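Visitor: Just passing along the structure, written as structure tokens.
The values are calculated or read from the model by the stated rules, or taken from the named source; none is laboratory data. None of these values were measured; they are calculated from a predicted model. As a convention, Cβ positions derive from the backbone with ideal geometry for all residues, glycine included, and neighbour counts pool all protein chains shown.
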């Protein structure tokens, strides 16, 4: 993360959150460009091709040029991004749209910034050179994307060792994000359950971040509130669009919080786990959250009490520490209530991998703002506790 002085709050992105808003996407996007390329992975294209066809028709009816680029694999590498940039530069587009899940949106962010710079993706991430601003970027998440629909950051697999690499730049805030909860009906309910827990991780850690402030705290706590009030209901009644819309809103709020608070050890460990195993990132985040909360509990008990309250816990007539513990217990109970896996041992991961995983996790920039210093050995201890 850039260590220059950062504002307490910075959000240049226009946010549109309401059912059916994607039908107005051409009207919104036309203010940012007339020649657009929609970036989506092949996996997302297969699921959302009918919606993408509708999107294409909206642009055509508005006399806007539009190309849908769906040549990216489901989990693209830095080399896949370079290949996409080579093609997309030839289109001379003036706006890019990231449509789909987190991988599609991450790819769109990387492509947007590389299209205006003469760099390979690997060099951009590793060298962090001074660069020109990206092409106008608009995101349209197909389901709650735990803040990555708005946060100025992306992660991608490095073609050399297939570990996830992270790049952060304030210029990567999208010009607009169009969040349409109607799109989420095409996603598997299990996916939304997992990404909602990922949003919860970003929000809980934003509350305790050393970069936290009153503005960010408000967004983070509201995100937690929305998740606790809607996730169990969504689990029982996945067809209720109100729950879907509220979880989508919680996702955007978690991204706003994370963009400034810039702390999520759960995400760092999850990326490291996914780099070394077949465990997907959002499952790994949800599995690790309670253990990270437990690790940091004694450093910020007052903030944990705030979280306990918005989680619906009764904290009257008990000590601050007891009230703080209730926040950790509430997250565990929430995961049990929605049948979320509780142990790493349920997956094809061995304890012999934990040292390598800890080494990778400590390389990510968003573990710096933790209220309690975190060493590689302590990450190993957290992984053992989660095993």
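Visitor: Of the numbered conditions (1) over 19 Å from residue 105 (Cβ atoms); (2) crowded, with 16+ Cβ neighbours inside 10 Å; (3) in contact with a strand residue (DSSP E or B) (Cβ under 6 Å, 6 or more places away or on another chain), residue 35 satisfies every one except a single condition; which is it?
Guide: (2)
Visitor: Among the listed residues 221, 202, which satisfies the condition of being under 18 Å from the mean Cα position of the chain (by Cα) and surrounded by fewer than 24 Cβ atoms within 10 Å (Cβ to Cβ)?
Guide: Criteria check complete, one pass: 221.
Visitor: Looking at residue 189 and the list (1) at pLDDT 95 or above; (2) farther than 20 Å from residue 335 by Cα; (3) surrounded by fewer than 18 Cβ atoms within 10 Å (Cβ to Cβ), which single condition is not satisfied?
Guide: Only one criterion in (1) at pLDDT 95 or above; (2) farther than 20 Å from residue 335 by Cα; (3) surrounded by fewer than 18 Cβ atoms within 10 Å (Cβ to Cβ) is unmet by residue 189, namely (2).
Visitor: Does at least one position in the range 178-190 carry a residue that is in contact with a helix residue (DSSP H, G or I) (Cβ under 9 Å, 6 or more places away or on another chain) and closer than 21 Å to residue 324 by Cβ?
Guide: There is no residue in the range 178-190 that is in contact with a helix residue (DSSP H, G or I) (Cβ under 9 Å, 6 or more places away or on another chain) and closer than 21 Å to residue 324 by Cβ.
Visitor: Taking residue 24 as the residue in question, decide whether it is under 20 Å from residue 143 (Cα atoms), surrounded by 22 or more Cβ atoms within 10 Å (Cβ to Cβ), under 25 Å from the mean Cα position of the chain (by Cα) and in the same structural domain as residue 149 (by TED's automatic domain parsing).
Guide: no
Visitor: Does residue 204 count as touching a strand residue (DSSP E or B) at 6+ places or on another chain (Cβ under 7 Å) and modelled with pLDDT of 95 or more?
Guide: no
Visitor: To continue, here is another question. Among the residues of the range 211-236, which ones are in a loop (DSSP other than H, G, I, E, B) and in contact with a helix residue (DSSP H, G or I) (Cβ under 7 Å, 6 or more places away or on another chain)?
Guide: Restricting attention to the range 211-236, the residues satisfying the condition of being in a loop (DSSP other than H, G, I, E, B) are 211-213.
211, 212, listed by residue number.
Visitor: May I pose another question? Could you please let me know if residue 259 is part of a helix (DSSP H, G or I), closer than 20 Å to residue 367 by Cβ and under 11 Å from the mean Cα position of the chain (by Cα)? So that I can check it myself, show each step before the final result.
Guide: Working: part of a helix (DSSP H, G or I): yes; closer than 20 Å to residue 367 by Cβ: yes; under 11 Å from the mean Cα position of the chain (by Cα): yes.
Judged against the criteria, residue 259 is a match.
Visitor: Within the range 45-62, take every residue that is farther than 13 Å from residue 23 by Cα and in contact (Cβ under 8 Å) with a residue 60 or more places away in the chain and give me the one that is surrounded by the fewest Cβ atoms within 10 Å (Cβ to Cβ).
Guide: 47
Visitor: Does residue 100 satisfy being surrounded by 14 or more Cβ atoms within 10 Å (Cβ to Cβ), modelled with pLDDT of 95 or more, at positive phi and not assigned by TED's automatic domain parsing to the domain that holds residue 368?
Guide: yes
Visitor: Ok, one more. With the range 298-375 as the region, which helices (runs of 4 or more DSSP H) entirely inside it contain at least 2 residues that are assigned by TED's automatic domain parsing to the domain that holds residue 223, more than 23 Å from the chain's Cα centre (by Cα) and over 24 Å from residue 273 (Cβ atoms)?
Guide: The qualifying helices (runs of 4 or more DSSP H) are 301-310, 320-337.
Visitor: Which one of the conditions (1) under 30 Å from residue 31 (Cβ atoms); (2) within 14 Å of the chain's Cα centre (by Cα); (3) surrounded by 22 or more Cβ atoms within 10 Å (Cβ to Cβ) does residue 197 fail to meet, given that it meets all the rest?
Guide: (1)
Visitor: If I filter the range 141-166 down to residues being assigned to a strand (DSSP E or B) and within 13 Å of the chain's Cα centre (by Cα), which single residue comes out as surrounded by the most Cβ atoms within 10 Å (Cβ to Cβ)?
Guide: Filtering the range 141-166 for residues that are assigned to a strand (DSSP E or B) and within 13 Å of the chain's Cα centre (by Cα), the one surrounded by the most Cβ atoms within 10 Å (Cβ to Cβ) comes out as 141.
Visitor: Quick test for you: out of 178, 135, pick the one residue that is buried (at least 24 other Cβ atoms within 10 Å of the Cβ), in contact (Cβ under 8 Å) with a residue 12 or more places away in the chain, in the same structural domain as residue 82 (by TED's automatic domain parsing) and closer than 26 Å to residue 35 by Cβ.
Guide: That would be 178, the only listed residue that is buried (at least 24 other Cβ atoms within 10 Å of the Cβ), in contact (Cβ under 8 Å) with a residue 12 or more places away in the chain, in the same structural domain as residue 82 (by TED's automatic domain parsing) and closer than 26 Å to residue 35 by Cβ.
Visitor: Spot the failing condition for residue 284; the list is (1) touching a residue at least 24 places away in the same chain (Cβ under 8 Å); (2) buried (at least 24 other Cβ atoms within 10 Å of the Cβ); (3) not in a loop (DSSP other than H, G, I, E, B), and only one is missed.
Guide: (1)
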